[in-house]
Ligand code: C2O
């Protein structure tokens, strides 16, 4: 059977998975008894998520204003920036158990729930930002780390005066070329070429079935972490580690599940992870895997809870998120140079 949405009134203590210690922060969301089954609204104007390295100063201004407003919302408003960050902590650090399964933890990483959970998470985050600036067309920028032009932290996140800034990042990597293979090679050209080879392997060559890309099945009653898909295990994790701050006890912010969402860069990182799912489904001509979407009902009927842009608690299902266009957003078209990096 599919895993059911967590029960908020049973949300408990979270654990730092890097150390095994209990976390002294409460990452549970505000309670509400009023849950609505979410219906995707009709798409009036398609949003287009832009590549973060290519956006205009006007866009950066708007995005910064939206995040600033999110940070200024009352602390107990589920749309507040820290509350949004805590969503990741609650779903990823053992604060929730699987309903009806005793104390069995619920975990959205290292399985086929990885892409759908993060897609819904970003979906509401983006709608909240749009609402806060009165712009329903607002679309999150994706950190285009699969393209050589995007293989550094996007500059808009580096301005200490901006709401997009976070001081807890690896200071040696603020302007460094991303190293997806964690090679520590000092030659940026070699690192870029190695990154492209890694992308090709994750997106095309290494995948013999849809589960190799999406992650392994995770059903009601299953133990956590059945196995990540290729992109989750590889580039996705490498970037968390690349940005996380080694001066902090546990790689905070981006290098640890409980704190990752506190860095605004997290949402642009994941917007590109999400883009990899769309590319995999619709844009890889030489992908030989016959099945591009998981059709197992246990996958499609898994549900999660989120607060929407009106602070209404909603229940969403995986089946409503498998097509990004139905959710109302498209992606700026950027070349995929890694398609030519067959090792
Ligand atoms: Cu929920 Cu990049 O992790």
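Table: residues versus (1) in a helix (DSSP H, G or I); (2) surrounded by 24 or more Cβ atoms within 10 Å (Cβ to Cβ); (3) within 14 Å of the ligand (Cβ to nearest atom).
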{"site": "251", "(1), (2), (3)": "no, no, yes"}
{"site": "258", "(1), (2), (3)": "yes, yes, yes"}
{"site": "262", "(1), (2), (3)": "no, no, yes"}
{"site": "266", "(1), (2), (3)": "yes, yes, yes"}
{"site": "273", "(1), (2), (3)": "yes, no, yes"}
{"site": "277", "(1), (2), (3)": "yes, no, yes"}
{"site": "281", "(1), (2), (3)": "yes, no, no"}
{"site": "284", "(1), (2), (3)": "no, no, no"}
{"site": "288", "(1), (2), (3)": "no, no, no"}
*Limited to the stretch 233-249, what total is found for residues that are within 10 Å of the ligand (Cβ to nearest atom) and surrounded by 23 or more Cβ atoms within 10 Å (Cβ to Cβ)?*
2
_residue 69 being in a loop (DSSP other than H, G, I, E, B) and either touching a residue at least 60 places away in the same chain (Cβ under 8 Å) or more than 19 Å from the chain's Cα centre (by Cα) (or both)_ = no
*asked:* Residues that are within 24 Å of residue 299 (Cα to Cα), in contact (Cβ under 8 Å) with a residue 12 or more places away in the chain and more than 16 Å from the ligand (Cβ to nearest atom): does the stretch 84-92 have at least one?
replied: no
*Among 204, 273, which is over 30 Å from residue 129 (Cβ atoms) and either touching a strand residue (DSSP E or B) at 6+ places or on another chain (Cβ under 6 Å) or in contact (Cβ under 8 Å) with a residue 40 or more places away in the chain (or both)?*
204
_Condition first: part of a loop (DSSP other than H, G, I, E, B), away from the ligand (no atom under 16 Å from the Cβ) and under 28 Å from residue 97 (Cβ atoms). Now tell me which residues in the stretch 202-225 satisfy that._
216, 217, 219, 220, 221, 222, 223
*Six or more apart or on different chains, Cβ under 7 Å: which pairs go from a residue in the stretch 218-241 that's closer than 15 Å to residue 195 by Cβ to one that's within 11 Å of the ligand (Cβ to nearest atom)? Could you list them?*
231/273; 236/273; 239/269; 241/255
_Output for the stretch 123-156, where each listed residue is surrounded by fewer than 22 Cβ atoms within 10 Å (Cβ to Cβ) and within 16 Å of the ligand (Cβ to nearest atom)_ = 124
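Quick note: the coordinates plus some simple rules give every number you see, no bench work behind them. Note that this is a predicted model, so its numbers are computed, not measured. As a convention, Cβ positions derive from the backbone with ideal geometry for all residues, glycine included, and neighbour counts pool all protein chains shown.
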